[in-house]
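Here the structure is laid out as structure tokens; the discussion comes afterwards.
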Amino acid sequence: MDIQSLLGILFAAGTLQLAVATATPIALGAYAGLFSERSGVVNIGIEGMMLTAAMAAAFASAYTGTVFWGIIAALLAGGLMAALHAVLSIRFKMNQIISGTVINFLAWGIDRPLVPGLPGSAQLARLGGYSAEDRYPTAFQATLRRPDSLPTGTYRPGDVGPDSDHPLRYLLYTLGIANEVDWRTS
Amino acid sequence: MEKNMAQEATDTTNQEPKKSFRQRFLKPLVIPVLSIVTSLIVVAIIIIFTAESLAVGFEKVGKGYWGIIDGALLRSSGLINTLVATTPLILTSLAVAIPFHAGLFNIGAEGQFMMGALCGALVGIYVDLPPVIHPIVVIMAGVAGGMLWGFIPGLLKAWLHSHEVINTIMLNFIAISLANMLVRNYFKDPNPSTVQTLPLQATAELARITGRLHWGFFIAVAMAAVAWFFLYKTTWGFSLRTTGQNPDAADYAGIRFKRWYIYSFVIAGGLAAMAGTIEVQGLTRVLPVGFDSGYGFDAIAVSLLAANNPLAIIPASLIFGALRIGGDFLQIRAGLSVHIVSIFRALILLFVAAPEIVRAIYRIKAKVGEEAEVVPPTRWG
């Protein structure tokens, strides 16, 4: 492949959109790490927290039919896992790397048995049944990117592409700016 | 100098009063056994409350748990499969335990396992050697690859103080992707229906004893014994453990602790790689794409369950091996998800690493000196 076609692929509109969409969960996860690390907490359970939150969001938005409750459920589920991390490492004096590993194992164990109850079934039909204007649920598919957490055929990477104007993304930019300000003023 | 200091210190520890059988062998078992029992109870509660009704829930728990015991341990075919799964677990757990004694976390056993499988498989496929020498050379090649993979985080830790957890996690991704990429693009079997390497030469295979069980199991058990001897009966092992307990004291005693950071990771890499090589030689006899199956991550839980004692790792691996095989029976017999085993894994790890929870549940009083101290986390930066 010559350099021109490579650059052509890299700077194609679709690639950039997909890159922004793919970067969102990574960047939010990175912020999770940043906030933990700034307060001296070693957090290798971010993966598990994200998985649990994604699961909770998918369930909540499938059952209520609104994005709002999905986001609330995700926040609560992520916070619950973080609380577990805190209780284990502060109250029970567990090494933080081990309690992070516990959270990851736990999330794998909780999520996968639940997944068959969700996509592919009646609930997913409801999840996928949103109108074109209300595309938010695809964002949850972006957080559910683990290929083994969804039955094949329910997720296509292209689904996320046109969705680069998701409100969570603006939250992300705000976080970035806030952190930059914090960094420069401290 | 180094030897004398170490020798003196060993002598002083030997002068402690001899412990009774009860104290030496039964007391350390209390927390692990109670941890496993408690996890079983907690998972049973989860299953019962997620079932359609209480009666169905109890039936599922009974069928599922009996399925694990019956399927993984009582039937000869299940027992063989359990022992086959135990083999790589013993070696990867040793690869976690030895750096742990040096105060380091090795989350990279999975990557080292893959490097061993890759290097061993390539020598087994493309090098022609006579029968008895070939398997030995294959194991040595795999171990060398794993040692190199372990050397990288060790060197980075000792030289640049970069955190070994981050480095080993990242090297996992690199090793797994590298192996998959090489198999897919360069060493693929020309037969279009399979994405795997050519089969190993017959001379490179480890013989099977019965069914799928191969001699690798005994190699793994022997390595556990060697690791125990190394850690507790040699000056090297003493230096390694001193490094883990207090690097400053080790430095003062003339132990070059930075070197032991590197050595412990090199040894760990070799052991995890041996698991990968043996798995290829004895079990699959080809290297397929997606060969990694989480032995390196299970190893963290196994190693903690065994309190990082190489000999205790053998029964602990057997328990996790049985859980791995039993997971299928959980699904077949009781219609439960295989991944419930992952909840087991998390809970056992949780209770073993936080014995205060178990002590609180069963009202066991901790002796002075047994209470957990706050472990200060080491930050990445």
request  = Find the relative contact order for segment A:1-86 and round it to a whole percent, using C-alpha pairs within less than 8 Å whose residues are 6+ positions apart.
outcome  = 20 percent
query = Between B:Ile174 and B:Thr235, what is the spin-label point distance in nm, taking each point 7 Å from the Cα along the Cα→C-beta axis?
reply = 3.5 nm
key: Karplus (6.51, -1.76, 1.60) ³J(HN,Hα), θ = phi - 60°, over segment A:83-99, in Hz, Gly and Pro reported as x   = 5, 4, 4, 5, 4, 5, 8, 9, 5, 9, 6, 7, 4, 5, 5, 5, 5
query = Taking springs between alpha-carbon atoms closer than 10 angstrom, which of B:Ala299, B:Ala121, B:Ala249 fluctuates most in the Gaussian network model of chain B?
reply = B:Ala249
query = Which is farthest toward the positive dipole end of segment B:246-330 among B:Phe297, B:Met274, B:Gly327, measuring Cα position about the Cα centre, with Cβ charges +1 (Lys, Arg) and -1 (Asp, Glu)?
reply = B:Met274
Stretchable slack from B:Val289 to B:Arg75, in nm (0.36 nm times residue separation minus alpha-carbon distance) = 74.0 nm
ask   = Once you sort the root eigenvalues of the Cα gyration tensor of segment B:120-240 as a ≥ b ≥ c, which label holds: rounded (a/c under 1.5), prolate (a/b larger than b/c) or oblate (the other case)?
value = oblate
inquiry  = To make sure I understand, if each residue's beta carbon is the centre and we count other beta carbons within 10 Å, what order do B:Leu89, A:Leu16 fall in, fewest to most?
reply    = A:Leu16, B:Leu89
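Expected output is a single nm value to one decimal: the length gained when fully extending between B:Ser20 and B:Asn185, i.e. 0.36 nm times separation in residues minus the C-alpha distance. What is it? Before the final figure, lay out each step's value.
Working: separation 165, 0.36 × 165 = 59.40 nm, distance 5.96 nm.
Result: 53.4 nm gained on full extension.
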remark   = Spelling it out for B:Ile209: with amide H atoms placed in the peptide plane at 1.01 Å from N, the residues 5 or more places away or on another chain with amide H under 5 Å from its amide H are B:His214, B:Trp215
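Given Cβ point charges of +1 (Lys, Arg) and -1 (Asp, Glu) and nothing else, what value in debye, to the nearest 20, does the dipole of segment B:7-136 about its Cα centre take?
500 debye
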inquiry  = So for chain B, averaging the separation of alpha carbon pairs under 8 Å that are six or more residues apart and normalising by length, what relative contact order in percent results?
reply    = 31 percent
inquiry  = Let me check against my output: what whole-number percent is the relative contact order of segment B:287-343, with C-alpha pairs under 8 Å and at least 6 apart?
reply    = 20 percent
remark   = Magnitude of the Cβ-charge dipole (Lys and Arg +1, Asp and Glu -1) of chain B about the Cα centre, nearest 20 debye, reported as 580 debye
ask   = How far is the Cα center of segment B:136-185 from the Cα center of segment B:101-135, in Å?
value = 11 Å
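Set the Förster distance to 35 Å, then compute FRET efficiency between B:Arg256 and A:Ile90 from the Cβ-Cβ distance, nearest 0.05.
The pair B:Arg256/A:Ile90 has a calculated efficiency of 0.50.
With loop defined by DSSP as not H, G, I, E or B, and exposure as at most 15 other Cβ atoms within 10 Å, which is the longest segment of chain B clear of exposed trypsin sites (Lys or Arg not before Pro)?
B:76-211
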ask   = With each label point set 7 Å from Cα along the Cα-Cβ vector, what nm distance links B:Arg363 and B:Ala225?
value = 4.4 nm
inquiry  = Could you identify which residue out of B:Thr86, B:Thr194, B:Thr234 has the top mean-square fluctuation in a GNM of chain B using Cα springs shorter than 10 Å?
reply    = B:Thr194
task = Can you pull the one-decimal nm distance between simple spin-label points at B:Arg212 and B:Phe49, each 7 Å off the Cα toward Cβ?
result = 3.5 nm
message = Could you work out [θ]222 nm for chain B from helices alone, using -39500 (n - 2.57) per DSSP H run of at least four and dividing by all its residues? Round to the nearest 500 deg cm²/dmol.
response = -23000 deg cm²/dmol
query = Considering chain B as a Gaussian network with a 10 Å cut-off on Cα pairs, which listed residue, B:Glu110, B:Glu279, B:Glu52, attains the greatest mean-square fluctuation?
reply = B:Glu52
ask   = If you build the Cα gyration tensor of chain B and take the root of 5 times each eigenvalue, what three semi-axes come out, in whole angstrom, biggest first?
value = 32, 31, 19
query = In Å and whole numbers, how far do the C-alpha atoms of segment A:43-111 stretch along each principal axis, longest first?
reply = 41, 19, 14
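Only the coordinates and a few stated rules stand behind these numbers; no lab work does. Keep in mind it's a predicted model, so treat the numbers as computed, not measured. A quick note on method: Cβ atoms are made from the backbone with ideal geometry, for glycine too, and the neighbour counts reach across all protein chains shown.
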